[in-house]
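The values are calculated or read from the model by the stated rules, or taken from the named source; none is laboratory data. Just so you know, these numbers come straight off a predicted model, no measurement behind them. All Cβ positions, even for glycine, are placed from backbone atoms using ideal geometry, and neighbour counts span all protein chains on display.
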């Protein structure tokens with residue numbers, strides 16, 4: 001009887017226990033990278049640094065809602081790939097991202113009557129981000145969006161200008177470790193599927209350089225086709241494929257994170 005009594009009392013009280021909201025604040029730091037028209041495969045040469053802060057609410061032991069603010073640099077260069085070198089395009093940009101992510105823990109994590117101090121987890125959500133692609137030309141950083149390098153404004157009705165504010169779907173996962181009553185340490189990899197193909201200012205076809213020069217200036221025409229810088233015979237001509245519009249760009253924010261848990265006291269409701 002003495003053995004069964006504690007179990008019976010626990011079963012009766014469990015529905016009456018409210019653990020309240022579990023909050024975390026934290027920061028993340030790690031590598032950033034890109035995959036797109038100027039990098040069909042992720043390349044280590046174009047790895048940069050990204051970091052940010054986040055606020056998280058744990059809704060039970062398995063689900064968390066995370067709001068984060070991240071910033072990181074991405075870049076791409078045709079010279080990293082043998083079959084792309086002749087095109088000779090390159091870009092770089094900083095990405096500033098505000099993101100909501102829903103996380104799912106595979107194990108009951110961190111708090112509760114029965115929990116683990118370690119769990120793998122996955123996440124997805126929605127991100128709003130700002131970018132502004134640039135390239136280096138004659139030793140100077142040149143912004144590409146307003147140069148209309150693919151004739152979006154110059155007169156090609158099948159194309160349209162792109163906004164520097166875009167949406168993305170974050171998809172990823174990682175590992176979490178509760179290293180103390182208040183501190184969580186973890187690592188994650190997060191891929192962002194962007195709703196745009198212009199992170200790198202490359203998407204569709206070459207446009208007539210004479211029209212670009214007339215409408216947008218000489219610099220627009222020169223940066224639309226840079227193959228002539230390494231080849232006396234430029235490869236671009238009106239309508240020739242310049243990028244892959246059927247494949248959207250990706251950027252990747254990964255890293256190590258640390259967070260501080262803000263717990264509500266356990267409350268018994270009778």
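Exactly one residue out of 28, 61 is under 26 Å from residue 181 (Cβ atoms) and either assigned to a loop (DSSP other than H, G, I, E, B) or out of contact with any strand residue (DSSP E or B) (no Cβ under 9 Å at 6 or more places or on another chain) (or both), and it is 61.
Restricting attention to the stretch 51-78, and to residues there that are within 26 Å of residue 41 (Cβ to Cβ) and more than 14 Å from the chain's Cα centre (by Cα), which single residue is surrounded by the most Cβ atoms within 10 Å (Cβ to Cβ)?
From the stretch 51-78, those within 26 Å of residue 41 (Cβ to Cβ) are 51-52, 70-78; that's our starting set.
Still in the running and more than 14 Å from the chain's Cα centre (by Cα): 76-78.
Details: 76: 30, 77: 21, 78: 22.
Only one residue fits best here, namely 76.
In the stretch 232-243, the residues that are more than 13 Å from residue 151 (Cβ to Cβ) form Cβ pairs under 9 Å with partners that are surrounded by fewer than 17 Cβ atoms within 10 Å (Cβ to Cβ), at six or more places apart or across chains, as follows: 234/228; 235/86; 235/228.
Condition first: crowded, with 19+ Cβ neighbours inside 10 Å and in a strand (DSSP E or B). Now tell me which residues in the stretch 135-150 satisfy that.
Within the stretch 135-150, just 135 meets the criteria.
Which one of these is modelled with pLDDT under 95, surrounded by 16 or more Cβ atoms within 10 Å (Cβ to Cβ) and on the phi < 0 side of the Ramachandran plot: 123, 111?
Answer to the selection: 111.
Residues in the stretch 215-231 that are in contact (Cβ under 8 Å) with a residue 12 or more places away in the chain and in a helix (DSSP H, G or I): 215, 216, 219, 220, 221, 222, 223, 224, 227, 229. Here residue 36 does not qualify as under 30 Å from residue 181 (Cα atoms), modelled with pLDDT of 95 or more and buried (at least 18 other Cβ atoms within 10 Å of the Cβ). Could you tell me whether residue 92 is within 17 Å of residue 168 (Cβ to Cβ) and in contact (Cβ under 8 Å) with a residue 12 or more places away in the chain? So residue 92 does not fit the description; no.
Among the residues of the stretch 163-203, the one identified as free of Cβ contacts under 8 Å to residues at least 40 places away in the same chain and buried (at least 17 other Cβ atoms within 10 Å of the Cβ) is 166. Evaluated against (1) surrounded by fewer than 16 Cβ atoms within 10 Å (Cβ to Cβ); (2) under 24 Å from residue 251 (Cα atoms); (3) modelled with pLDDT under 95, residue 157 falls short on exactly one condition, (2). Among the residues of the stretch 87-133, those identified as within 30 Å of residue 232 (Cα to Cα) and not in a loop (DSSP other than H, G, I, E, B) are 90, 91, 92, 93.
Hey, does the stretch 224-233 have a residue that's in contact with a strand residue (DSSP E or B) (Cβ under 7 Å, 6 or more places away or on another chain) and at pLDDT 95 or above?
no
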